[in-house]
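Down below is the structure, laid out as structure tokens.
The values are calculated or read from the model by the stated rules, or taken from the named source; none is laboratory data. Everything quoted here is computed from the prediction, not taken from an experiment. Cβ: placed from backbone, ideal geometry, glycine included. Neighbour counts: every protein chain shown.
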Ligand code: SF4
């Protein structure tokens with residue numbers, strides 16, 4: 001039971017990657033008063049609309065509170081023992097008959113680091129498959145791949161304080177005003193205080209663009225042309241840091257030649273990007289002249305068939321100017337989810353192992369020895385889109401989904417729903433009893449703890465590890481996800497490896513693995529935290545890695561003096577490919593669909609949908625189109641519009657505005673059959689993937705629109 005104390009519990013917001021600290025004061029009846037934590041460095045007491053409405057989303061009205069098992073076609077309440085036994089039987093039988101790669105886990109950036117660690121250890125060390133991927137694949141996989149290509153590691157160089165200290169902030173594919181609101185508040189304060197200039201690069205005129213000094217409405221997918229042109233301009237303007245380039249990088253000459261070929265002059269960049277040449281020239285001159293420049297990028301960069309190249313083209317410009325790892329300077333990936341970073345730290349992607357290690361023979365052997373693992377996966381598993389294709393083709397026969405709603409969120413959502421419904425065995429862990437994935441005839445449902453009940457850690461966009469703490473008692477039979485995963489490990493005969501009794505024990509093991517045989521050539525090392533006892537873990541204050549122990553006042557930024565994690569410790573410039581849209585428009589599908597988030601909803605609305613206040617912002621599923629397109633199609637604001645692609649269709653309410661460029665439409669991703677039948681926008685998205693990251697393109701699907 002929780003201590004009966006009037007003191008608020010310090011925890012972390014469960015929504016975006018800003019990772020704001022929250023003070024929760026339970027009211028004794030299942031609710032809680034919510035306030036921002038003034039002591040948390042990410043938000044300094046502020047909360048955005050979603051965070052401040054968290055108290056309205058507590059309660060048990062939609063909760064799954066007991067395990068369910070399908071018997072004779074019907075889901076019936078069951079004991080944990082029976083439900084876990086069914087999963088163990090199904091996984092054991094499937095592996096015996098079809099091998100370890102016939103089973104898979106599909107996870108979520110909503111899971112705590114300890115849940116992620118348990119899932120990865122179970123699958124990659126004991127089931128023998130790396131088929132463990134996550135909805136974070138849809139969020140920041142291109143940034144991970146871009147960081148690894150350039151830095152040799154998945155390291156975010158900067159910190160939030162850089163936004164306070166920059167003279168220029170460039171937002172690329174990021175509507176931070178809505179999607180990272182508290183960071184945007186930091187930026188607004190810096191603009192007032194020091195006159196920080198803001199450039200927004202986005203196909204859509206967003207709330208962030210409205211605030212910008214300069215808005216560049218770039219054509220979808222053409223960001224790397226824009227940044228190739230910037231690199232060429234920096235060379236011509238004499239704005240390079242030749243000392244940094246010579247001392248700490250390799251591949252600059254090839255990158256510059258590639259940039260000049262892709263973007264020989266501003267006129268070419270203007271023609272490719274659709275941005276007026278004069279605005280491009282202003283941006284280039286501003287960037288060249290402003291040493292303290294931060295370039296923040298988010299889903300508009302990542303959710304792209306060219307996402308990794310876009311990240312590389314941005315990083316090139318910071319390496320070339322030496323603007324990295326110093327106050328107010330650097331490329332900065334803004335992660336979408338509350339724990340996309342923590343998941344990465346423990347190997348929560350099919351192409352990673354654990355503690356930022358990959359699948360080289362040395363790394364596999366190191367992790368094998370640390371875990372004492374009998375069935376180590378020795379190669380990468382299937383990434384999210386490929387995993388669901390394998391489900392559809394029958395190559396994956398047993399799947400456990402934890403904390404996510406792939407029947408809504410994955411591209412080709414109709415096909416995904418069909419594939420999930422046909423699985424030989426599907427288990428789903430969730431804290432709601434109804435959503436589109438739970439409608440896919442799972443064989444087992446497991447009741448998970450929700451925010452406010454869970455206990456563990458998350459890592460935000462600036463590498464800051466914060467505690468999520470429980471302030472409500474577990475309801476019904478709900479249990480932590482790590483506990484359910486460990487129980488499966490024990491049932492499969494690995495009791496010693498899955499002995500944990502608390503999140504603290506898992507965190508200590510995770511921290512120890514990060515330091516195991518780590519001579520400093522791996523970026524991720526939080527081994528100093530491996531010795532925390534339970535009380536110290538409970539009291540742990542938010543802290544960044546690299547972890548600084550008492551007395552160590554060292555730098556928390558990376559790479560100001562080089563020290564990259566490549567074999568020669570030099571960063572790599574990359575040569576981005578000439579971008580081409582994954583699919584072009586034609587007469588049948590003449591518009592380009594861009595998908596994204598709105599200010600007051602989160603993912604598939606299972607939590608934010610409970611708040612009337614949040615629902616009042618944009619209450620119905622909609623498609624926004626330019627007035628010229630609406631006129632041509634005879635569509636007026638408020639009309640119902642059928643939006644269709646070769647993959648699927650959705651019926652949405654028309655909103656008319658100059659947000660999208662002519663020929664492009666925008667639709668949010670949040671609605672589903674569970675709350676607005678026929679409005680699943682990801683049913684339209686094709687799912688072409690980036691060749692390096694496997695992240696699907698969500699920003700450029702050819703569609704047609706017609707009034708219903
Ligand atoms: Fe939560 Fe993000 Fe809002 Fe902070 S900015 S309160 S983390 S949704």
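Tabulated data for the structure shown
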| quantity | calculated |
| --- | --- |
| Segment 160-190, residues that are in a loop (DSSP other than H, G, I, E, B), surrounded by 23 or more Cβ atoms within 10 Å (Cβ to Cβ) and either more than 16 Å from the ligand (Cβ to nearest atom) or not assigned by TED's automatic domain parsing to the domain that holds residue 317 (or both) | 166, 173 |
| Segment 424-437, residues that are outside any strand (DSSP E or B) and crowded, with 21+ Cβ neighbours inside 10 Å | 431, 435, 436, 437 |
| Tally, over segment 206-222, of residues that are surrounded by fewer than 18 Cβ atoms within 10 Å (Cβ to Cβ) and in a loop (DSSP other than H, G, I, E, B) | 2 |
| Qualifying residue in segment 540-551 (condition: part of a loop (DSSP other than H, G, I, E, B), surrounded by fewer than 12 Cβ atoms within 10 Å (Cβ to Cβ) and on the phi < 0 side of the Ramachandran plot) | yes |
| So residue 57, is it at pLDDT 95 or above and within 16 Å of the ligand (Cβ to nearest atom) | yes |
| Residue match in segment 560-581 (condition: under 30 Å from residue 629 (Cα atoms) and buried (at least 19 other Cβ atoms within 10 Å of the Cβ)) | yes |
| Filtered residue count, segment 380-410, keeping only those that are in contact with a helix residue (DSSP H, G or I) (Cβ under 9 Å, 6 or more places away or on another chain) and outside any helix (DSSP H, G or I) | 17 |
| Any chance residue 658 is in contact (Cβ under 8 Å) with a residue 24 or more places away in the chain and over 27 Å from the mean Cα position of the chain (by Cα) | yes |
| Residue under evaluation residue 30, criteria (1) within 16 Å of the ligand (Cβ to nearest atom); (2) touching a residue at least 12 places away in the same chain (Cβ under 8 Å); (3) at positive phi, criterion not met | (1) |
| Hits in segment 493-511 (condition: free of Cβ contacts under 8 Å to residues at least 40 places away in the same chain and assigned to a helix (DSSP H, G or I)) | 504, 505, 508, 511 |
| Matching option when the condition is under 28 Å from residue 89 (Cβ atoms), crowded, with 23+ Cβ neighbours inside 10 Å and under 27 Å from the mean Cα position of the chain (by Cα), among 482, 451 | 482 |
| Residue within segment 482-492 that is within 27 Å of residue 558 (Cα to Cα), in contact with a strand residue (DSSP E or B) (Cβ under 7 Å, 6 or more places away or on another chain) and not in a strand (DSSP E or B) present | no |
| Pair list, Cβ under 9 Å, 6 or more apart: segment 577-592 residue farther than 20 Å from residue 623 by Cβ, other residue surrounded by fewer than 14 Cβ atoms within 10 Å (Cβ to Cβ) and at pLDDT 95 or above | 577/691; 578/261 |
| Residue within segment 251-260 that is on the phi < 0 side of the Ramachandran plot, surrounded by fewer than 22 Cβ atoms within 10 Å (Cβ to Cβ), touching a residue at least 40 places away in the same chain (Cβ under 8 Å) and not in a helix (DSSP H, G or I) present | no |
| Number of positions in segment 351-367 that are over 19 Å from residue 133 (Cβ atoms) and assigned to a loop (DSSP other than H, G, I, E, B) | 1 |
| Given (1) more than 17 Å from residue 64 (Cβ to Cβ); (2) buried (at least 21 other Cβ atoms within 10 Å of the Cβ); (3) in contact with a helix residue (DSSP H, G or I) (Cβ under 6 Å, 6 or more places away or on another chain), index of the condition residue 467 fails | (3) |
| All strands (runs of 3 or more DSSP E) inside segment 629-708 with 2 or more residues being closer than 23 Å to residue 606 by Cβ | 649-656, 664-668 |
| Given (1) within 25 Å of residue 560 (Cα to Cα); (2) surrounded by fewer than 20 Cβ atoms within 10 Å (Cβ to Cβ), index of the condition residue 231 fails | (2) |
| Residue check, residue 569 assigned to a loop (DSSP other than H, G, I, E, B), within 30 Å of residue 312 (Cβ to Cβ), outside the structural domain of residue 203 (by TED's automatic domain parsing) and at pLDDT 95 or above | yes |
| Residue ID - farthest from residue 461 (Cα to Cα), chosen from residues in segment 17-27 that are within 11 Å of the ligand (Cβ to nearest atom) and outside any strand (DSSP E or B) | 20 |
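Here's the yes/no breakdown for (1) assigned to a strand (DSSP E or B); (2) out of contact with any helix residue (DSSP H, G or I) (no Cβ under 6 Å at 6 or more places or on another chain); (3) touching a residue at least 40 places away in the same chain (Cβ under 8 Å):
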site: 286; (1), (2), (3): no, yes, yes
site: 301; (1), (2), (3): no, no, yes
site: 305; (1), (2), (3): no, yes, yes
site: 314; (1), (2), (3): no, no, yes
site: 317; (1), (2), (3): no, no, yes
site: 323; (1), (2), (3): no, yes, yes
site: 331; (1), (2), (3): yes, no, yes
site: 343; (1), (2), (3): no, no, yes
site: 369; (1), (2), (3): no, yes, no
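Residue-by-condition table, conditions (1) more than 26 Å from residue 315 (Cα to Cα); (2) within 27 Å of the chain's Cα centre (by Cα):
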site: 486; (1), (2): yes, yes
site: 515; (1), (2): yes, yes
site: 522; (1), (2): no, yes
site: 530; (1), (2): yes, yes
site: 533; (1), (2): yes, no
site: 544; (1), (2): no, yes
site: 555; (1), (2): no, yes
site: 579; (1), (2): no, yes
